[in-house]
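Where a number appears in this text, it was derived from the coordinates with a stated rule and is not lab data. Everything quoted here is computed from the prediction, not taken from an experiment. Here the Cβ is made from the backbone with ideal geometry for all residues, glycine too, and neighbour counts use every protein chain on show.
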Amino acid sequence: MIRRPSSAASPLEQVARVTTDSLVPCQQRSSLRLATNADVYLRRCLKYPGRGVFHSYPEYLHGILLDVDPDVTSFVPQPYTLKIARTSYTPDVYVVRTGQQAVIELKGKRGLDPLIEASARAFFADYGIHFSVVSNNTVLAREREALNWLPLLQVLACADQTGLDTQSMTSTLLERCRRFPGTTVEELLSPARRPTQYVEEVALYRLLVTHQLSADLVSAPLNYSSVLTAC
């Protein structure tokens, strides 16, 4: 049991005692009541080793964006259960970004209870973990981008499950895009041959997700006319 009064809070902020069983992030089991009443989404992730559980649509989109963020190395949905005063609180996600640990809570207009927010922020600060509350609207503003990435992530999650090796093919595709700027997807993946080009497709998606290649996925989904640029 980790039990520590915080010294990181502002003297003007009221904070409550916070306890937790562990600070090793581990996806918490969703209660039957929450699973029944919440808008729950499940997805196999790339940077979380397992099936992520997301308790709202913004959380689901946020997880997609974390998977394609080049600065994020890993994340864990629903990482801790904290006891703050007499309230059990599970933040939305633990993230490692550019070597720094962070815990993020997504909230709508009503925000997070001020006592819980101040107490959680102070508690995590004692352990070098940054705590922040992000507006749902901030995530929803990138909904189109997240949904454009989703089909690629679904293909890659399946490929990762089977251990598909694309190292040689990724090198070949990357070299071609470097030699021929302006290469389109159609020049690498023929629509007529797509069923026989699974390895090429997975290799291309891995290059995009790891940002060795770039394409405009902010405003439009990947298609055969998408232009690929070596990063």
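A few remarks follow.
- Chymotrypsin sites (Phe, Trp or Tyr not before Pro) within segment 101-189, DSSP loop, no more than 14 other Cβ atoms inside 10 Å: Y127
- Charged side chains reduced to their Cβ positions (Lys and Arg at +1, Asp and Glu at -1) give segment 2-140 a dipole of some 400 debye around its Cα centre.
- Calculated Cα extents along the principal axes in Å (choose from (1) 59, 45, 29; (2) 62, 35, 32; (3) 63, 40, 29), label: (2)
- Efficiency of FRET from Cβ geometry, T162 and S226, R₀ 25 Å, rounded to 0.05: 0.45
- With both residues required to sit in segment 2-140, DSSP beta bridges show an antiparallel share near 80%.
- Relative contact order (%) - the chain, alpha-carbon pairs under 8 angstrom, separation at least six: 18
- Separation of segment 119-175 from segment 48-102 is 10 Å, based on Cα centroids.
- Our summary gives segment 101-218 a relative contact order of 26 percent, counting only alpha carbon pairs under 8 angstrom and 6 or more residues apart.
- The simple spin-label model puts a point 7 Å past each Cα toward its Cβ; for L65 and R144 those points are separated by 1.5 nm.
- For the chain, complete DSSP H runs whose alpha carbons reach 15 Å or more along their own long axis and whose mean Kyte-Doolittle score is -0.5 or higher are 57-67, 114-125, 143-162, 198-209.
- Using a simple spin-label model with pseudo-atoms 7 Å out from Cα toward Cβ, L34 and T20 lie 1.3 nm apart.
- Gain in span if fully extended, T196 to R179, counting 0.36 nm per residue against the direct Cα distance: 3.7 nm
- Inter-label distance for V72 and Y41, nm, one decimal - labels placed 7 Å from Cα along Cα-to-Cβ: 1.1
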